[in-house]
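Some notes on the structure that comes next.
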């Protein structure tokens, strides 16, 4: 019978010997049945294990399977299936998945997809559920993009405060929601002027002002033109030369004689002219 102390020594020696033997295997080898067997490289798997007479025989992975590291297995791993492929599977890499527009990945490798049920004005909040085989499952819920006192403006893609009609002494026609501002009663509702006012309203106002100015300028021009014409017509007439040549007029003998007397009136005295006029 072997003493217990001797048995313990033998066990220690055997462990040191086997570990030393295994340590002699190369970086890309594995000890099997006391032999250092070569590992198959990525893209291949073991066809025949190493034996006393030959080293490990490897063969390429078939379509739909891959291996991405050195190993000693006789099969490759199966490529994952996807709703849509971000990258296709190869012999050395697994496929990378993605989801169509409007869908979300259900796990960390995106091998499954679920519909995104959130609407405009809501954001998706993801929660990690459980993990198995290195894959984490996801769950989703929708939450408002903005606080209760604000709404999501789609045009500028940001949150804005909702209009408070009571501050303007107006009744509330529409309380507002996740994507629309509040609407107040009355034609002069302040929401027209909120955050710079309605663009259409501003453009129409500017056009009206420009048109009014144009009409005023045109009216002023017409008035000034008429005023100038009126001033020109009021100016005194320049000296007009009147012809006294009797030959230019067809007069009777009596008119011609009287005309001669009038012309020569300046050459006679007053008494003589009066006497001459009586004889005529």
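The values are calculated or read from the model by the stated rules, or taken from the named source; none is laboratory data. Keep in mind that this is a model prediction, so the values were computed, not measured. Cβ: placed from backbone, ideal geometry, glycine included. Neighbour counts: every protein chain shown.
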(message) Are there strands (runs of 3 or more DSSP E) fully within region 128-191 with at least 1 residues that are touching a strand residue (DSSP E or B) at 6+ places or on another chain (Cβ under 9 Å) and at pLDDT below 90? List them.
(response) 135-144, 172-174
(message) Among the residues of region 117-127, what is the count of those that are surrounded by 15 or more Cβ atoms within 10 Å (Cβ to Cβ) and either part of a strand (DSSP E or B) or modelled with pLDDT of 95 or more (or both)?
(response) 1
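Rundown of residues vs (1) closer than 20 Å to residue 124 by Cα; (2) surrounded by fewer than 14 Cβ atoms within 10 Å (Cβ to Cβ); (3) without any contact (Cβ under 8 Å) to a residue 40 or more places away in the chain, yes/no style:
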residue: 75; (1), (2), (3): no, yes, yes
residue: 89; (1), (2), (3): no, no, yes
residue: 92; (1), (2), (3): no, no, no
residue: 111; (1), (2), (3): yes, no, yes
(request) For residue 82, indicate whether it is touching a strand residue (DSSP E or B) at 6+ places or on another chain (Cβ under 6 Å), over 30 Å from residue 101 (Cβ atoms) and assigned to a loop (DSSP other than H, G, I, E, B). (result) no
